[in-house]
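Written below as structure tokens is the structure these notes are about.
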Amino acid sequence: MIMVTWFVVALQFSSIALAIVGGVFLAFSDFLMRSLDRAGPVAGIGAMQAINRQVIRSVFVSLLMLLAATSPLMIGYALLSLHGLPLVLTITGGAIYLLGAFAVTVVFNIPKNNRLDSGAADDGDHQAYWRDVYLTRWTAWNHVRTAACLVAAGCYAAAGIGLVAFPH
């Protein structure tokens, strides 16, 4: 029972962390990117460059990385110790986070951030990249990250509730 109790706490902590990370992604998808766009290319690029440089030292990135490290552990524990719906929900939540949020961040969003950071905000080619690629594609992938985090949070929360409500 101690391991199950520990795992329920881990699921709930992870669910909260996922909701926090998803909330940050949601803010960008919902209004921050539109606001940066409306500020104009020089101001928008400059602000996003500053955000991307500061985010590395944030609680947000710490949670993003912690979840990437613990999700495989959660899946592994579930495979070895759970059954039924809590097993399915834990594996689903972990996989959705790893593929839909973390992998998308590494494969799609970070390279766009690095490209955006590689030039001056007042450069015409850089402004074209901002307008034609970054605002549309970065934001589209950010929508995926938002949904993945929120769905994964729900899966982990439901798995924890299932373990408490229907102990074996």
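Which ranges mark the helices (runs of 4 or more DSSP H) fully within the range 26-103 that have 3 or more residues being touching a residue at least 60 places away in the same chain (Cβ under 8 Å), more than 26 Å from ARG137 (Cα to Cα) and in contact with a helix residue (DSSP H, G or I) (Cβ under 9 Å, 6 or more places away or on another chain)? Lay out the reasoning, then the answer.
On the way: elements: 33-38, 41-55, 59-81, 84-96.
So the answer is 59-81, 84-96.
Against the definition (part of a loop (DSSP other than H, G, I, E, B) and hydrophobic (A, V, I, L, M, F, W, C)), how does ALA152 come out, yes or no?
Details: part of a loop (DSSP other than H, G, I, E, B): no; hydrophobic (A, V, I, L, M, F, W, C): yes.
Spelling it out, it is not the case that ALA152 is part of a loop (DSSP other than H, G, I, E, B) and hydrophobic (A, V, I, L, M, F, W, C).
Just to be sure before I move on: is MET74 of a type outside the set (S, T, N, Q), modelled with pLDDT of 95 or more and buried (at least 19 other Cβ atoms within 10 Å of the Cβ) in the structure I sent?
Numbers: of a type outside the set (S, T, N, Q): yes; modelled with pLDDT of 95 or more: yes; buried (at least 19 other Cβ atoms within 10 Å of the Cβ): yes.
It is true that MET74 is of a type outside the set (S, T, N, Q), modelled with pLDDT of 95 or more and buried (at least 19 other Cβ atoms within 10 Å of the Cβ).
Within the range 29-68, which residues are open to solvent by 50 Å² or more (accessible area, probe 1.4 Å), within 13 Å of the chain's Cα centre (by Cα) and not hydroxyl-bearing (Ser, Thr, Tyr)?
VAL59, MET65, LEU66
Applying the selection to the range 95-133, what residues are open to solvent by less than 20 Å² (accessible area, probe 1.4 Å) and more than 12 Å from the chain's Cα centre (by Cα)?
Applying the first criterion (open to solvent by less than 20 Å² (accessible area, probe 1.4 Å)) to the range 95-133 yields 97, 100-101, 104-105, 109, 116, 121, 126, 130.
Answer for the range 95-133, where residues must be open to solvent by less than 20 Å² (accessible area, probe 1.4 Å) and more than 12 Å from the chain's Cα centre (by Cα): LEU116, ALA121, HIS126, TRP130.
Just to check your reading of the model, which residue among LEU87, LEU26, LEU80 is open to solvent by 50 Å² or more (accessible area, probe 1.4 Å) and more than 20 Å from the chain's Cα centre (by Cα)? Working first, answer last.
Working: LEU87 fails: open to solvent by 50 Å² or more (accessible area, probe 1.4 Å); LEU26 fails: more than 20 Å from the chain's Cα centre (by Cα).
Checking each option against the conditions leaves just LEU80.
The values are calculated or read from the model by the stated rules, or taken from the named source; none is laboratory data. Predicted model, so just to flag it, every value in this text is computed and none were measured. Note: ideal-geometry Cβ built from the backbone for every residue, glycine included; neighbour counts use all protein chains shown. SASA here: full protein model, heavy atoms, side chains in, ligands and nucleic acids out. Shrake-Rupley method; radii C 1.70, N 1.55, O 1.52, S 1.80 Å.
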